[in-house]
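The structure under discussion appears below in the form of structure tokens.
The values are calculated or read from the model by the stated rules, or taken from the named source; none is laboratory data. Keep in mind that this is a model prediction, so the values were computed, not measured. Here the Cβ positions follow ideal geometry from the backbone for every residue, glycine too, while neighbour counts run over all protein chains shown.
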Amino acid sequence: MFSAIDMAPRDPILGITEAFNADQNPQKINLGVGVYYDDNGKVPLLSCVQKAEEILIATPAPRTYLPIEGLAAYDKAVQELVFGADSAVIQEKRAVTVQAIGGTGALKIGADFLKRFAPDAEVYISDPSWENHRALFESAGFKVNNYAYFDAATHGVNFAGMIADIKAMPAGSIVLLHACCHNPTGADLTSEQWTEVIAAITAGGLVPFLDMAYQGFGAGIAEDGAVVRRFADAGGPLLVSNSFSKSFSLYGERVGALSVVAATGEEAARLMSQLKRVVRTNYSNPPVHGGKVVATVLTTPELRQLWEDELAAMRVRIKAMREEFVVKLAAKGHDFAFVRDQIGMFSYSGLTKAQVEQLRAQSIYAVDTGRICVAALNSRNIDVVIDAIAKVI
Ligand code: LMR
């Protein structure tokens with residue numbers, strides 16, 4: 001039977017890392033995958049993570065199975081981070097959280113859960129969205145549609161189109177939204193626009209699913225999480241996937257979570273029982289280490305402060321790179337001022353697929369759509385990137 005199986009296409013993002021890894025050029029630059037590199041071009045090992053690991057090593061523990069829903073201290077810390085410790089959904093025990101295998105794992109648990117209980121609903125994702133959103137929800141069995149989002153002319157959000165599309169969705173539809181630092185465009189909604197979106201989603205009886213993989217890379221941890229709290233205040237249903245891959249630089253540990261907001265505490269208990277079934281039939285229970293590290297940092301005041309400072313430093317460095325990118329391209333006669341206004345790790349640069357291919361021929365890797373990871377620029381490689389971009393446009 002295997003002889004009839006076709007070759008699958010290369011993953012649009014991780015496939016670029018594969019090509020990058022195979023490139024023998026020592027000067028190669030990877031602006032493809034969403035990974036934060038420091039100014040030396042290295043993925044940082046955060047001090048808060050190292051200190052948490054020292055604490056864990058000082059108190060060695062056997063590696064038993066975690067509960068299906070994950071480490072209790074982790075789930076609690078995630079809930080408090082995502083919704084705010086004083087939020088009504090936590091006080092009223094209406095939020096349930098399961099530890100997940102990264103943000104992607106959280107989305108998959110949510111997708112499988114929704115397919116089981118809303119099998120006829122359709123999913124709507126932004127146009128464009130993270131490359132894996134469509135594939136992930138389709139593989140869970142959903143029909144996936146787009147809602148208007150990016151306006152290539154302004155490099156910002158086509159809000160009129162977006163809100164019109166949301167208002168036209170049938171009740172019960174699942175709307176995937178990026179809580180902050182929109183991936184791939186870097187174009188976020190304003191607070192006033194979120195107010196309209198929340199009202200339209202509530203009035204339309206839609207199911208919001210917020211994906212928050214970049215909390216802290218926009219304006220700050222609380223600022224970026226504000227939209228989740230506003231959705232929670234609007235009442236359920238609500239699903240939130242979050243990830244610590246980027247904000248803790250813990251990519252390979254696969255640390256994320258799915259939180260679901262129910263109408264009552266009793267409903268929440270039933271939802272948790274079903275989420276556990278989804279986890280159990282996929283991978284049984286999550287791994288221990290990353291969850292322990294994150295829980296230790298979030299619940300130890302000095303480490304928590306250290307994490308907030310380290311995350312702020314990453315955010316500030318990305319903003320400085322945006323500024324330098326704009327200024328250096330302007331000096332070569334190219335207007336990329338919009339990159340300054342974009343938020344988070346990415347810029348939808350406007351480079352065409354052909355231009356991206358020309359860059360790749362010079363060992364500079366970006367996503368075919370023109371998405372570049374600004375967080376991979378540094379003082380050593382930025383001039384090379386600027387020269388190459390100026391040549392291809
Ligand atoms: C990205 O968008 O590059 C990251 O979220 C990594 C991934 O898994 O695609």
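Numerical summary
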quantity: Matching helices (runs of 4 or more DSSP H) fully within region 52-122 where at least 3 residues are within 14 Å of Gly256 (Cα to Cα); calculated: 72-83, 102-117
quantity: Meets criteria (over 17 Å from Thr296 (Cα atoms) and either within 16 Å of the ligand (Cβ to nearest atom) or of a type in the set (A, V, I, L, M, F, W, C) (or both)) for Val96; calculated: yes
quantity: Test result for Asp23, among the charged types (D, E, K, R), more than 16 Å from the ligand (Cβ to nearest atom), out of contact with any Lys or Arg (no Cβ under 7 Å at 6 or more places or on another chain) and within 21 Å of Asn285 (Cβ to Cβ); calculated: no
quantity: Residues of region 340-358 satisfying the condition of being part of a helix (DSSP H, G or I) and in contact (Cβ under 8 Å) with a residue 60 or more places away in the chain; calculated: Asp341
quantity: Single match in Leu329, Leu298 (criterion: touching a residue at least 40 places away in the same chain (Cβ under 8 Å), under 23 Å from Leu45 (Cβ atoms) and in a helix (DSSP H, G or I)); calculated: Leu298
quantity: Hey, Asn183 outside any strand (DSSP E or B) and touching a Phe, Trp or Tyr at 6+ places or on another chain (Cβ under 8 Å) or not; calculated: yes
quantity: Residue check for Leu136: part of a helix (DSSP H, G or I), in contact with a helix residue (DSSP H, G or I) (Cβ under 9 Å, 6 or more places away or on another chain), closer than 29 Å to Leu275 by Cα and at pLDDT 95 or above; calculated: yes
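This table checks each residue for (1) outside the structural domain of Asn285 (by TED's automatic domain parsing); (2) out of contact with any Pro (no Cβ under 8 Å at 6 or more places or on another chain); (3) basic (Lys, Arg); (4) over 28 Å from Ala375 (Cβ atoms).
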| residue | (1), (2), (3), (4) |
| --- | --- |
| Gly41 | yes, yes, no, no |
| Ala58 | yes, yes, no, yes |
| Gln99 | no, no, no, no |
| Ala106 | no, yes, no, no |
| Asp112 | no, yes, no, yes |
| Phe117 | no, yes, no, yes |
